[in-house]
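Beneath this line is the structure, given in C-alpha cells, with notes to follow.
The values are calculated or read from the model by the stated rules, or taken from the named source; none is laboratory data. Since we're looking at a predicted model, the values are computed, not measured. Positions of Cβ are backbone-derived with ideal geometry, glycine not excepted, and every protein chain shown enters the neighbour counts.
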Protein chains: 2
Amino acid sequence: MNEIAPLLVGDASRRDLSRQRVLEALRRDGPLSRAAIGRLTGLSPASVSAITGQFITEGLLCDIGADPPEASAGPGRPGQRLGFHPARGAIIGLWVGLDRLILHLADFSGETIEARDERLPLAALDAEALVAILADRVVHFSREAGSGMPILGVGVAFQGFVDQRKGEVVWSPVTRCTHVPLVAGLEAALGLPVDLDNDASAMAFAITQSEPALREGVTACVMLGDGVGLGVFVDGKPLRGVHGGGIEFGHVRFSARGPQCRCGARGCIESFLADYALYRDAMAVSDIGPPAEGRQPSETEMTRLVARAAAGDPALAGLFAEAGRVLAESLTMLIRLFQPDTIVLCGPGMRAWPLIEEALHAALDQRAIPFLARRAGIRALPFRPAFLTEGVIRAALERLDRRLAASS
Amino acid sequence: MNEIAPLLVGDASRRDLSRQRVLEALRRDGPLSRAAIGRLTGLSPASVSAITGQFITEGLLCDIGADPPEASAGPGRPGQRLGFHPARGAIIGLWVGLDRLILHLADFSGETIEARDERLPLAALDAEALVAILADRVVHFSREAGSGMPILGVGVAFQGFVDQRKGEVVWSPVTRCTHVPLVAGLEAALGLPVDLDNDASAMAFAITQSEPALREGVTACVMLGDGVGLGVFVDGKPLRGVHGGGIEFGHVRFSARGPQCRCGARGCIESFLADYALYRDAMAVSDIGPPAEGRQPSETEMTRLVARAAAGDPALAGLFAEAGRVLAESLTMLIRLFQPDTIVLCGPGMRAWPLIEEALHAALDQRAIPFLARRAGIRALPFRPAFLTEGVIRAALERLDRRLAASS
DNA sequence: CTCATTTTGTTCGATCATCAAATTATTGTT
DNA sequence: AACAATAATTTGATGATCGAACAAAATGAG
C-alpha cells in the first residue's frame, strides 16, 4: 500500500516540475531561447520567463548571446539563448578499467575542461585501498585540472556488475573484491555526491543521448572491449531494473562447452568476444606471445593484433570472422528480446570492425529472424575514449538538475 | 526537437492528472475510503472529496458501504468506501489460442460476469476471415452474456509476435497469415476500442498486478504452455519496447542443433519446452500416438501425458526432467539479463510442475550464477485460465480510466 | 529611409486546483 | 457520558499558470 508517486502534489512541487522540465529541455537540446523552451516544454512564454528569470538569479543559467542567424532565418526579433552557467561548478567523470583510469573534468554545461588517461594497477588492492586510491586520484586530478570552480559531483563508470541502489560494485574483473561499497566510500572520502554505473550502460547512455535519432524508438548499444556490455533505451530512457545493474549481456551463456569466463561461469558471450578472449585465441593460432602485463592485453597489443590480421594473416583473420559469427548469434538473441529499431556497435573493440563486419552480416543474413529482424538497423560507431566518461558525467549533471529544480 | 511530454500544462491538465491518480489508486488497491485515497495519492482530503464527488456525479464511482471493521481497527468514524460503478459498463476480454477461444466478460469494476471457453478452428482462415470470425464471436458472446450494460472496450490476448503500436499480429502459430491488422479490423467491425497484447505479456501483467509483493522490484513472469512467454515488470510497470511486442523469450535460441521451431528458426527455447515439443518428444520415447487434431496436443492429451509420467513411466519422467534442465538454463539467461527479484512460473505447462521442479532446482544450483543468482526467488503459480484474459481486461480498463480522467 | 511584419520577451489581471484550518459526523474507549 | 480518534466537508487563502496586451528588435518592401 505504498504511494503511487509522492511527486507533484501541491503548488510548490508543481512549480518544481516545471523547473525540472525547463532544465531537461536545456540539457537535451543545448542552448535555447526562452521561446524555444516554451515550445519544447509546452509552458507559456510568461511561465518560461518567470522560471528562467529565477534560474538566472540563482546562478544556474546564463544568457549566452543571440540566436545564431541560421536558427532564426526570417524576420522577427532574434531570441536570446540561455544555457547552463559554466562557472557554476564542475563534474568529475571517472572510468575504471583494468589497471587503467580515465579522469574527465566537465563544467556545469557539460563541456570538457580536461581529460586524462592514467595507468594504475588495481588488481592487488583490497576494497578499502581501492576506494582510497580512487578517491586520491580524484582529489589530485581536481586539484591539478580544476579551474577554481567547486566540484559538484562525481560520476563513476565501472566494469563489472554494479548495484546502483546499494551503490556497490558487486563483481568486477578490475578487482578480486566483491560487493565493494564504492559510492559510500567515495562520498565519505570526497564529501561529494557520487553516481555509479556499469561502464557499458553509461557509454550506451552517452551515445543514445548524443544523437536525436537514437532517442526515438528502441536503441540497443552493444559495447565491445575489455568485456561485452549492453544498454537498451526506449525513447531515450534506459531499460533497467530497480537495482540499476546493467543488462549483463556479456555474461549470458553462448555455448555450454565454451571457455571459462572471468566471472567464473563457462561459455559467456564475453569469453568469446572480449579483448582478452580474442588475444587468448590469437596466441593459440599464431606466434603471438602473452600480454606484457597480467592476462589482459594492452591497447597497443590489441592494435598490433588487429593490424596483423588485417595485413593478411589468415589464421588471425579467421579468428575475427569467427568473432563476427558469435556476435551475429548474440545480436540475434538481442533482437528477439528487445526488438530494437537500431543496434549501435561501439567500444574499443570496434578497432577490429573491418575484420568482423563481413562475417557478421553474412551470419545475420543466414540466420535472419522471421518477422523481427527486418526492423533493426545495425550501425558501427568509431570509438572515442570520452564516451566512457560522458555517460556518468551526464547522469551526474541530470541528478544535480533534479536537485536544483526541487529546492528553489 | 519533439516535446518532452505535452502532458500537465495548465490547470485543466493538472486536475486531470489528479483525477488519473485517484483512479489509479482505486484500480490498484480495490475499494478505498476517501481518506485512504488521500494517503495513497498524496492529495489533501479536500481535493479527494472534490474529485471523487465529481466522479460520482459522472457515474464513474459509487459508494459501496462502510469500511469493513478489520480495516479501521480502532476508534474513529469509519470511512465510506468508494469503488468503480459496476453498472457503468463492461469489458470483453478475448484470448486467442490454437483452435481455441476464451471469452470473458467483466464489469467496470473488473469483476467477472461470465467466461466461456470455445473450440474454434482458425488455422485455415485468411486474415479477413479471421478478424470477421473473432468479431462475430465477440458479438454473439456479448449478446448472450451481456447484462444489458454497454460494452466499453475489448481486450485481445494473442499468441505470437504482436506489434501494439500498429495493432498488428505480426506472426502467430494460430494462423498462417502474417501482419494481420487485428485492432483496426475489430474496431471497425465492433465500433469499440480494442487493445491487443501478446498473451504471455498480458498474463504476466495480470499476475504481477494481482499481488502487491510482485509490484515491487523486478518480477519476471515466465509462461509455459502452447509456447513459452515472458513478461518483465519493474515496480509494477512492464519493461517493453515502444512497439509493444512482448519479449520473445520463447524464440531465443537455446541450442544450434535443436529441432525446428514453429517460427521457422531452429533450436528456440520454445521448441524444447512448449506443449507441442514435450508431446513430440513423448511420441518418440513411448507408444503415445499423435494428437487427435493437427499437430497440437489438446489439454486432455497433455494431462494424460503428465499423468503417465507421474505414474512412473521412466522415459516420460526423464523427458520432463530434461525440460527442467532446459528451463533452468533459460532462467539463468533471464537472471543475467534482468536480475529479477522474483521469477514467477505460470501457465498451463505448470500441470507438469511436480515432474519438473526437482530437476530445475538441481540444475539451477549446479550452474549458479556468480553474484547474481542469490536474489531471484522462484515461485510456481498454479494455472487458472482466467489469467489469460484478466491481463487484457485490466489493460482495457486502465486505458478507459485514462480517457475518463482526461475528458471531464 | 520609413513603416508594416514577424518573432521574442515581459507585465498584468483572471482563473482555478490545491491546501490548511475549521467544522461536522461517527465510531470506540474509559 | 465524556473523550479521543478518525472521516468527510466547507471555506478562505495561496500561487502557478495562462491569455492578452505590450515593448523590443530584427527583416524586408516600397
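So the values come out like this:
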{"read-out": "Single residue of the range B:72-102 satisfying the filter (among the small types (Gly, Ala, Ser) and either touching a residue at least 12 places away in the same chain (Cβ under 8 Å) or assigned to a strand (DSSP E or B) (or both)) that is farthest from B:LEU32 (Cα to Cα)", "value": "B:GLY97"}
{"read-out": "Residues of the range B:117-147 satisfying the condition of being over 20 Å from B:LEU196 (Cβ atoms) and in contact with a helix residue (DSSP H, G or I) (Cβ under 9 Å, 6 or more places away or on another chain)", "value": "B:SER147"}
{"read-out": "Of all residues in the range A:13-63 being outside any helix (DSSP H, G or I) and within 14 Å of chain B (Cβ to nearest Cβ), the one that is surrounded by the most Cβ atoms within 10 Å (Cβ to Cβ)", "value": "A:LEU32"}
{"read-out": "Conditions (1) out of contact with any Lys or Arg (no Cβ under 6 Å at 6 or more places or on another chain); (2) modelled with pLDDT under 95; number of the one not met by A:ALA363", "value": "(1)"}
{"read-out": "Looking only at the range A:35-72, and only at residues there that are under 30 Å from A:SER147 (Cβ atoms) and at pLDDT below 90, the one that is nearest to DNA strand D (Cβ to nearest atom)", "value": "A:ALA66"}
{"read-out": "Helices (runs of 4 or more DSSP H) within the range A:218-324 that include 2 or more residues surrounded by fewer than 18 Cβ atoms within 10 Å (Cβ to Cβ) and not basic (Lys, Arg)", "value": "A:275-285, A:299-310"}
{"read-out": "Breaking point among (1) within 13 Å of chain A (Cβ to nearest Cβ); (2) in contact with a strand residue (DSSP E or B) (Cβ under 6 Å, 6 or more places away or on another chain), for B:VAL252", "value": "(2)"}
{"read-out": "Odd one out for A:PRO193 among (1) crowded, with 24+ Cβ neighbours inside 10 Å; (2) within 30 Å of A:MET149 (Cα to Cα)", "value": "(1)"}
{"read-out": "Among residues of the range A:51-69, those that are free of Cβ contacts under 8 Å to residues at least 12 places away in the same chain and polar (S, T, N, Q), counted", "value": "1"}
{"read-out": "Within the range B:17-34, tally of residues that are over 24 Å from the mean Cα position of the chain (by Cα) and more than 11 Å from DNA strand D (Cβ to nearest atom)", "value": "3"}
{"read-out": "Qualifying residue in the range A:241-261 (condition: among the acidic types (Asp, Glu) and under 23 Å from B:THR342 (Cα atoms))", "value": "yes"}
{"read-out": "Any hit, the range A:103-112, residues being surrounded by fewer than 18 Cβ atoms within 10 Å (Cβ to Cβ) and not in a loop (DSSP other than H, G, I, E, B)", "value": "yes"}
{"read-out": "Qualifying residues in the range A:216-239 (those that are closer than 27 Å to A:GLY324 by Cα and free of Cβ contacts under 8 Å to residues at least 40 places away in the same chain) - the one nearest to the other protein chains (Cβ to nearest Cβ)", "value": "A:VAL234"}
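Each row is one residue, and each column tells you yes or no for (1) modelled with pLDDT of 95 or more; (2) away from every other protein chain (no Cβ under 14 Å); (3) in contact with a Gly (Cβ under 8 Å, 6 or more places away or on another chain); (4) away from DNA strand C (no atom under 16 Å from the Cβ).
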site	(1), (2), (3), (4)
B:GLY74	no, yes, no, no
B:ALA90	yes, yes, yes, yes
B:VAL96	yes, yes, no, yes
B:HIS104	yes, yes, yes, yes
B:GLU111	yes, yes, no, yes
B:ALA123	no, yes, yes, yes
B:ARG137	yes, yes, no, yes
B:GLY146	no, yes, no, yes
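Rundown of residues vs (1) without any contact (Cβ under 8 Å) to a residue 12 or more places away in the chain; (2) closer than 24 Å to A:VAL252 by Cα; (3) assigned by TED's automatic domain parsing to the domain that holds A:ILE269; (4) not aliphatic (A, V, I, L, M), yes/no style:
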site: A:ALA310; (1), (2), (3), (4): no, no, yes, no
site: A:ALA323; (1), (2), (3), (4): no, yes, yes, no
site: A:LEU327; (1), (2), (3), (4): no, yes, yes, no
site: A:GLN339; (1), (2), (3), (4): no, yes, yes, yes
site: A:VAL344; (1), (2), (3), (4): no, yes, yes, no
site: A:ALA359; (1), (2), (3), (4): no, yes, yes, no
